[in-house]
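Written out below as structure tokens is the structure these notes cover.
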């Protein structure tokens, strides 16, 4: 997932798969090794109740982000829908992510998430549509062609944790590392001091790393590139009951 795109703190990482070998252990451009958590559909008894502290996804909630990509103004609208498709044996919550560059829709993506019994939020894939071409680069579905789900957000993230977000070889291979749970950040939606989760998110297929910031009870408040093309989007509004 572009905007919401978030080691198992509470889910065992047995039979894990090494996703990355990394170029360095730390630093903005590093890609430290991570392992994909062990997945079992039997660990999801209320999968569509996503009330994780750092990534609550209540149906009919709309998040609007504004910012820029390489000086081009961007609006990113993320809507938690009421659709609940079953993917890899788990009922998921479908989230629609629409990116507008200079007021033109350039990407329209459906992402699928579910929360396990321990409180980890898992990422089950995406159908990404790039416009105006109508292509679907980067799309993947857990359980199809060997693709595996991963964490988008741990139940209890701790600095130093690393986790696989998605593992669809050749299509989408993203990972994240927890940098802090005591960061501070100010965005148009509000200011948060000493309680913000900061992660470094990176792809093994693209030379781009970014920092993401999550406020408790709110969710993602900012995504900012730290390598590659400049990009910074910040949370502006949250609407409920849409």
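Each residue in the stretch 149-163 was checked for being assigned to a strand (DSSP E or B) and farther than 20 Å from residue 93 by Cβ, and 1 pass.
Residue 122 satisfies every condition listed in (1) part of a loop (DSSP other than H, G, I, E, B); (2) within 15 Å of the chain's Cα centre (by Cα) except (1). All of 146, 125 fail the test of being out of contact with any helix residue (DSSP H, G or I) (no Cβ under 6 Å at 6 or more places or on another chain) and at pLDDT below 95, apart from 146. For the stretch 128-143, filtering for residues that are within 16 Å of the chain's Cα centre (by Cα), modelled with pLDDT of 95 or more and assigned to a loop (DSSP other than H, G, I, E, B) leaves 1. Annotation for the stretch 16-37: no member residue is at pLDDT 70 or above, surrounded by fewer than 16 Cβ atoms within 10 Å (Cβ to Cβ) and in contact with a strand residue (DSSP E or B) (Cβ under 7 Å, 6 or more places away or on another chain). Among the residues of the stretch 192-208, write down those that are over 12 Å from residue 225 (Cα atoms) and out of contact with any strand residue (DSSP E or B) (no Cβ under 6 Å at 6 or more places or on another chain). Within the stretch 192-208, 195, 206 qualify. So, residue 182, is that one under 11 Å from the mean Cα position of the chain (by Cα), more than 19 Å from residue 238 (Cβ to Cβ) and assigned to a strand (DSSP E or B) or not? When the stated conditions are applied, residue 182 does not pass them.
The values are calculated or read from the model by the stated rules, or taken from the named source; none is laboratory data. None of the values given here were measured: they were computed from a predicted structure. Cβ sites come from the backbone with ideal geometry, for glycine too, and all protein chains shown count toward neighbours.
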